[in-house]
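The values are calculated or read from the model by the stated rules, or taken from the named source; none is laboratory data. Worth saying up front: this structure is predicted, and the values here are computed from it rather than measured. Cβ: placed from backbone, ideal geometry, glycine included. Neighbour counts: every protein chain shown. What goes into the accessible areas is simple: the full protein's heavy atoms, side chains included, and nothing from ligands, DNA or RNA. Shrake-Rupley method; radii C 1.70, N 1.55, O 1.52, S 1.80 Å.
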Amino acid sequence: MANNRFGVREVTNSITINEKDVFILCNTSSDITIRLVTANGTLNLYNIKNIGTGIVSIVPDCTDTIDGATGDTLLQYDAICLLDFVKGKWIKP
């Protein structure tokens with residue numbers, strides 16, 4: 001499923017999120033990586049859910065962090081909401 005007008009994208013391979021994404025649905029039996037764009041304080045909100053059996057690694061750009069951590073992991077049925085809070089910092093609201 002490609003991006004639609006609601007910002008929903010189903011993925012089966014590793015990707016880098018883009019400004020059109022709002023909800024990313026990971027659906028694969030393979031391990032994949034979702035790379036975040038650089039956090040600049042845009043207040044953009046991204047929702048990521050893993051409905052597949054593979055492990056989804058969430059990786060911030062460069063030295064950015066997610067609540068102080070260098071990344072996050074989603075197992076099957078896990079979900080995460082991320083806010084581009086300030087430069088270099090993603091937070092889980």
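Which whole-number percent gives the relative contact order of the chain, counting Cα pairs below 8 Å spaced six or more residues apart?
Value for the chain: 25 percent.
Using θ = phi - 60° and the Karplus curve 6.51 cos²θ - 1.76 cosθ + 1.60, what whole-Hz ³J(HN,Hα) does each residue of region 15-21 get, with Gly and Pro shown as x?
For region 15-21, the Karplus-derived couplings read 9, 10, 4, 9, 5, 7, 6 Hz, x marking Gly and Pro.
Summing +1 for each Lys or Arg and -1 for each Asp or Glu, what net charge is found among the other residues whose Cβ lies under 12 Å from the Cβ of residue 87?
Taking every Cβ under 12 Å from that of residue 87, the sum is -2.
Return the long-range amide H neighbours of residue 58 (sequence gap of 5 or more, or a different chain), with a cut-off of under 5 Å between placed amide H atoms.
34, 72, 73, 74
Return the carbon/sulfur percentage of the accessible area of the chain, one whole number, probe 1.4 Å, all protein chains in place.
Reported share for carbon and sulfur atoms: 54 percent.
Classify region 1-87 from the C-alpha gyration tensor, please: rounded if a/c falls under 1.5, else prolate or oblate depending on whether a/b exceeds b/c.
oblate
For 26, 62, give me the order by solvent-accessible area with a 1.4 Å probe, most accessible first, ignoring ligands, DNA and RNA.
Reading off the accessible areas and sorting them downward yields 62, 26.
Sequence-distant or interchain residues sharing an amide H contact under 5 Å with residue 31, placed H: which?
Amide H neighbours of residue 31, under 5 Å, 5+ apart: 55.
Percent antiparallel among DSSP beta bridges with both residues in the chain, to the nearest 5?
Roughly 45 percent of the beta bridges in the chain run antiparallel, per DSSP.
With every protein chain left in place, what is the accessible area per residue of the chain in square angstrom, probe 1.4 Å?
55 Å²
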